[in-house]
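Everything on this sheet refers to the single structure shown next.
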Amino acid sequence: MKKAPGSKAGEAGIECLSTIRKMGDGRMKPIAKLIFISAAILLLISSIAYDLLGKKDGDKQPPAEQNNPDEIIIVPETGSELTIKLYNHWSKKLIEMPIEEYLIGVVAGEMPASFEIEALKAQAVAARTLVVHQLRAYGGKGCSQVKGADVCSSFAHCQEWLPEDRMRKNWGSKFEQNYERIKQAVMETAGEIMTYNNKPIEVLYHSTSNGRTEEASEVFSSSLPYYKSVESIGEEDAPMFEGSVTYTNQEFADIFYSKYKVRLNPDNLKSQIKVNSYTESGRIKEITVGGFKLKGTEFRLLYKLNSTDITFIFNKNSITMKTKGFGHGVGMSQVGADRMAKRGYNYIDILKHYYLGVEINHY
Ligand SMILES: [Zn+2]
């Protein structure tokens, strides 16, 4: 049988070293020769290994261990035994499954399979952290909408999860290829979650940023130490980077009245809309409409806008609101993660960029 060159060299190296240890001082010449051969073989093996590692991690970043010497990353030898209870909203059934299997369906639903593998790995760790944080067996609260479930499959509530038949439908002939790619991202990070003070963090992420992420307290009631506004660059070419919604002046006024019972004059909206303040990331923090103050997030929800980074265009009979980014803007931008991976960053770099001060640990 033909052996791979690598294994042949490896075996030869081991044999030489053990032979040298058995020999006495009287045979210096052959020993020197053997040492020379062994050293050459070892050098060859280590240079091959270095090449492989270099390709895997990208050449723009030093290995993560150098950046974070205290970090502990434990990759289990076999898959996880941990199971979760998932409410499958497609079949309306509560199902129990191994966490890593569940995560394949989450990454498949939450991120395009065509994204860089390091971005898919970052998504897998973020999704795993979210579900571990909710695990009732670990003291989590589970899904607040379905009794007995750790998590539900609805993107509007916990996080999206796709059953296999949905993946097949979405991907068609690319099913096998995409499935293997996502499975790789999940298994290469098996068991890994983000922790802060040794506890799984509360995970938030979004589709596309406007160039910066948002501080959590600007969107949600409480602030969390790992959610500060950070730069997220290179997303301008993403399909959801720019959005636009147009209403007639009358529609705009009617929508506002239906929610806040404040009547606007549809003939002069411009004078009745005033942005009071912006957040650090350039999104609207507070806005006054017809003398009524509301949060940018409330305004976004009311007019079904992609984000709170809004530019108003007042036409004669209509109002257009152009937005940048898609989602609340807090935590990892999924598109930003892909762009970071394209620039050579690995999944740990990506997660530590968007989630400040977290550690990657085994649950
Ligand atoms: Zn839920």
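The values are calculated or read from the model by the stated rules, or taken from the named source; none is laboratory data. Bear in mind that the values here come from a model prediction, so they are computed numbers and not experimental data. Note that each Cβ is placed from the backbone with ideal geometry, even for glycine, and that neighbours are counted across all protein chains shown.
Tabulated results
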read-out: Checklist (1) at negative phi; (2) within 15 Å of the ligand (Cβ to nearest atom); (3) not basic (K, R) applied to P98, failing item; value: (2)
read-out: Residue list for region 150-176, filter: more than 16 Å from the ligand (Cβ to nearest atom), touching a helix residue (DSSP H, G or I) at 6+ places or on another chain (Cβ under 6 Å) and either in contact (Cβ under 8 Å) with a residue 40 or more places away in the chain or on the phi > 0 side of the Ramachandran plot (or both); value: M167, W171
read-out: Tally of residues being within 16 Å of the ligand (Cβ to nearest atom) and either farther than 21 Å from I201 by Cβ or exposed (fewer than 14 other Cβ atoms within 10 Å of the Cβ) (or both) across region 135-148; value: 6
read-out: Test: residue in region 180-199 that is in the same structural domain as V335 (by TED's automatic domain parsing), more than 13 Å from the ligand (Cβ to nearest atom), part of a strand (DSSP E or B) and among the hydroxyl-bearing types (S, T, Y); value: yes
read-out: Qualifying residue in region 165-173 (condition: within 20 Å of the chain's Cα centre (by Cα), under 24 Å from E188 (Cα atoms) and either in a loop (DSSP other than H, G, I, E, B) or assigned by TED's automatic domain parsing to the domain that holds K352 (or both)); value: yes
read-out: Any chance K93 is exposed (fewer than 12 other Cβ atoms within 10 Å of the Cβ) and at pLDDT 50 or above; value: yes
read-out: Checklist (1) surrounded by fewer than 17 Cβ atoms within 10 Å (Cβ to Cβ); (2) in contact (Cβ under 8 Å) with a residue 24 or more places away in the chain; (3) at positive phi applied to L302, failing item; value: (3)
read-out: Residue satisfying condition, being at negative phi, among the acidic types (D, E) and in the same structural domain as I319 (by TED's automatic domain parsing), within set D254, D237; value: D254
read-out: Matching strands (runs of 3 or more DSSP E) fully within region 208-310 where at least 1 residues are modelled with pLDDT of 95 or more and of a type in the set (F, W, Y); value: 242-248, 273-278, 292-295
read-out: Of all residues making up region 200-209, the number that are within 16 Å of the ligand (Cβ to nearest atom) and aliphatic (A, V, I, L, M); value: 2
read-out: Scope region 154-164; condition over 19 Å from the mean Cα position of the chain (by Cα) and not in a helix (DSSP H, G or I); matching residues; value: P163
read-out: Filter result (buried (at least 24 other Cβ atoms within 10 Å of the Cβ) and touching a helix residue (DSSP H, G or I) at 6+ places or on another chain (Cβ under 8 Å)) within region 207-216; value: T208, S209, T213
read-out: Residue match in region 114-132 (condition: under 24 Å from A337 (Cβ atoms) and exposed (fewer than 14 other Cβ atoms within 10 Å of the Cβ)); value: yes
